[in-house]
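These notes concern the structure reproduced below.
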Amino acid sequence: MEPPPEKEESFLSQLKYYTTLTLGTTACVSSFVFMFMIPWVLDPSISTLMANFDPDPVVCKTVRSDHEMGTKNCTWSSCKHGCTRDIFECDQIYVNYMLVPMADFEGQDIDDDDELWVGRGLPIFINIKACGYPPATNCTVFSYNYSPEGSIFPCYYSRADPDLVITNYDWNKEVQYIIMALLIPNMLCGISLGVVSYWWYPGCQKRRCQYQLPPDQEDASCNMENEDDDDDDLDEEDCEAGRDLSREDNEMMDKKNRSHEEEKDRDTSINMPEE
């Protein structure tokens, strides 16, 4: 037994309403997510790529480590939980680095004054922004691993700014973050707006009436479209009739011109004198 048409139309109307509400919410949330991703994901990743870090880690050695307290002393930190809040306790770590790949380093003890050390007494950071959020960033573990003086570990230096040194760098991961931050929210927003526009913009469904809301306006909309179609058909018929009339008028004019020319020829032949 088929359901009544009114119940089916009511179900379609409710389905369209809730689907539109869901898609609109998705578009709004995606826009806000993209805005928040600009400072948290896009800016750090783009800055990291622009710094042009050497993809092969080199040898770093901790030469100094200071644990400071207070906002005046903590003007910078090698690692900070949260990128927007003020810090009252910080670890400031200084390193030397040499242009020897960590894979080729044999663990020999090299004096701090040796010429192999290209960068000397430079601050080192966990990443280009020197901050992050748990669980990806753990400043306690970072300080434990890199703050002891004499510690030797791999690090990455910037070829654009040789005084910039960080401990964590992955070119592929940064590119992946940029693509995901640009693609996912914008794609969700675009698809949601596209579907909503297709459903609700009359130009997208010129000849479809079954999904118009509310039901009392469906008949009026359909009637208006049918009237438009009838007007279009009448216009086409008028155009065809006009073409036929113009064709007949031209034929009549041609006949009149030919008959007039024949009369002239006849009169001329009669009036010619005989030799």
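Observations, loosely collected:
- Looking across region 31-86, not a single residue is loosely packed, with under 15 Cβ neighbours inside 10 Å, in contact with a helix residue (DSSP H, G or I) (Cβ under 9 Å, 6 or more places away or on another chain) and of a type in the set (Lys, Arg).
- Cβ-Cβ contacts under 8 Å between residues 6 or more apart (or on different chains), taken from a first residue in region 62-85 that is farther than 26 Å from Ile38 by Cβ and at pLDDT below 95 to a second residue that is in a loop (DSSP other than H, G, I, E, B) and of a type in the set (A, V, I, L, M), are listed as Thr71/Ile87; Cys74/Ile87.
- Candidates Ile110, Ile124 - the one that is surrounded by 10 or more Cβ atoms within 10 Å (Cβ to Cβ), out of contact with any strand residue (DSSP E or B) (no Cβ under 7 Å at 6 or more places or on another chain) and of a type in the set (A, V, I, L, M, F, W, C): Ile110
- Number of the condition not met by Glu149 [criteria: (1) modelled with pLDDT of 90 or more; (2) over 26 Å from Pro44 (Cβ atoms); (3) out of contact with any Ser or Thr (no Cβ under 8 Å at 6 or more places or on another chain)]: (3)
- Residue check for Pro39: without any contact (Cβ under 8 Å) to a residue 60 or more places away in the chain and either in a loop (DSSP other than H, G, I, E, B) or of a type outside the set (Gly, Ala, Ser) (or both): yes
- Failed criterion for Tyr211 (all others in (1) aromatic (Phe, Trp, Tyr); (2) modelled with pLDDT of 90 or more; (3) not in a helix (DSSP H, G or I) hold): (2)
Each row is one residue, and each column tells you yes or no for (1) buried (at least 18 other Cβ atoms within 10 Å of the Cβ); (2) touching a residue at least 12 places away in the same chain (Cβ under 8 Å); (3) in contact with a Phe, Trp or Tyr (Cβ under 7 Å, 6 or more places away or on another chain).
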| site | (1), (2), (3) |
| --- | --- |
| Asn138 | no, no, no |
| Ser151 | no, yes, no |
| Ile166 | yes, yes, yes |
| Tyr169 | yes, yes, yes |
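To keep it simple, each residue is scored yes or no on (1) out of contact with any Lys or Arg (no Cβ under 7 Å at 6 or more places or on another chain); (2) assigned by TED's automatic domain parsing to the domain that holds Lys61; (3) assigned to a strand (DSSP E or B); (4) of a type in the set (A, V, I, L, M).
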residue: Thr84; (1), (2), (3), (4): yes, yes, no, no
residue: Ile87; (1), (2), (3), (4): no, yes, no, yes
residue: Tyr97; (1), (2), (3), (4): yes, yes, yes, no
residue: Val100; (1), (2), (3), (4): yes, yes, yes, yes
residue: Asp109; (1), (2), (3), (4): yes, yes, no, no
residue: Tyr144; (1), (2), (3), (4): yes, yes, no, no
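- Any chance Ser147 is in contact (Cβ under 8 Å) with a residue 12 or more places away in the chain and touching a helix residue (DSSP H, G or I) at 6+ places or on another chain (Cβ under 8 Å): no
The values are calculated or read from the model by the stated rules, or taken from the named source; none is laboratory data. These figures come from a predicted structure and were not determined experimentally. Please note: Cβ atoms are built from the backbone with ideal geometry, for glycine as well, and neighbour counts cover all protein chains shown.
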